[in-house]
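First up is the structure itself, then whatever we jot down about it.
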Amino acid sequence: MDFEKIIEKIKDIISNEVGERKVLNKDVAKALGITPENLSILKKRNKIPFKEIALFCAKRKISINWLLFDQSIDSIATETEKFSQIRYFKDINASAGGGAINFNENYEILYIDKKILNKNLDAINVIGDSMEPTLKDGNIIFIDRNDKNIINGGIFVISTNAGVFVKRINLKSTGEIEIISDNKIYPKEIVSPNEINIIGKVIGKLEI
């Protein structure tokens, strides 16, 4: 893959967002969330920042396979075993109440080459400030629903009688579960295992 060609494609995409203004390498760097200096180094080494490009495409609902390999969505769909899928539930929010979470309908599928991401994930929105500065209002979080192991802690999407939340989880030696907000203005909660349903572990985020 030629990173120069990929950069030119990214510029074409950005140009549709900024109008008539000429798109420069610094605009590409900003869109990818890296510094212009880092972009220059990657360009010289022809080293492709796959994670940043994947997030760039996910944010704009663009096929990363088209950007990297000139593959159409139709060709991807016929060979789905080669691709991981991210199911994006744009109508589901975490961190605020809202009742049950439905992972069976109203989602969009984003395809990611398994060379970049070798697992299927779900994605939902974050609302509120209870997990700042780690997660901000408006972030999209990526959830591994196959990982519900809280022994070593981490950030998980959970559901309780109060609704759906994204919180840091700590399993206490007593067997009780500590629910922690990274924003220290919110108090910790301690619940018993039967009061909480672990939906999955948060393994990444996208800032909008």
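The values are calculated or read from the model by the stated rules, or taken from the named source; none is laboratory data. Quick caveat: nothing in here was measured; it's all calculated off a predicted structure. Cβ: placed from backbone, ideal geometry, glycine included. Neighbour counts: every protein chain shown. The area values use the complete protein model at the heavy-atom level, side chains included, leaving out ligands, DNA and RNA. Shrake-Rupley method; radii C 1.70, N 1.55, O 1.52, S 1.80 Å.
Scanning region 49-66 for residues that are surrounded by fewer than 19 Cβ atoms within 10 Å (Cβ to Cβ), assigned to a loop (DSSP other than H, G, I, E, B) and at pLDDT 85 or above turns up at least one hit. Yes or no: Asn161 touching a helix residue (DSSP H, G or I) at 6+ places or on another chain (Cβ under 8 Å), touching a residue at least 24 places away in the same chain (Cβ under 8 Å) and open to solvent by 20 Å² or more (accessible area, probe 1.4 Å)? So Asn161 fits the description; yes.
Condition check: open to solvent by less than 70 Å² (accessible area, probe 1.4 Å), of a type outside the set (Lys, Arg), in a loop (DSSP other than H, G, I, E, B) and touching a residue at least 24 places away in the same chain (Cβ under 8 Å). Does Gly138 satisfy that?
So Gly138 passes the test.
Every test in (1) among the acidic types (Asp, Glu); (2) at pLDDT below 90; (3) over 18 Å from the mean Cα position of the chain (by Cα) is passed by Asp91 save one, and that test is (3). Just for region 182-195: of the residues that are more than 25 Å from the chain's Cα centre (by Cα), more than 18 Å from Lys148 (Cβ to Cβ) and not β-branched (Val, Ile, Thr), which one is surrounded by the fewest Cβ atoms within 10 Å (Cβ to Cβ)? Checking each candidate, the answer is Pro187. Taking the listed residues Ile198, Ile150, Ile179, the one that is buried (at least 20 other Cβ atoms within 10 Å of the Cβ) and in contact with a Phe, Trp or Tyr (Cβ under 9 Å, 6 or more places away or on another chain) is Ile179, with no other qualifying.
Check region 168-176 and report whether any residue there is assigned to a strand (DSSP E or B), open to solvent by less than 40 Å² (accessible area, probe 1.4 Å), under 24 Å from Leu121 (Cα atoms) and charged (D, E, K, R). Checked region 168-176: no residue is assigned to a strand (DSSP E or B), open to solvent by less than 40 Å² (accessible area, probe 1.4 Å), under 24 Å from Leu121 (Cα atoms) and charged (D, E, K, R). Residues that are open to solvent by 80 Å² or more (accessible area, probe 1.4 Å) and either under 22 Å from the mean Cα position of the chain (by Cα) or among the small types (Gly, Ala, Ser) (or both) within region 24-42 comprise just one, Lys30. For region 10-23, a tally of residues being without any contact (Cβ under 8 Å) to a residue 12 or more places away in the chain and either open to solvent by 70 Å² or more (accessible area, probe 1.4 Å) or within 16 Å of Ile64 (Cα to Cα) (or both) returns 6.
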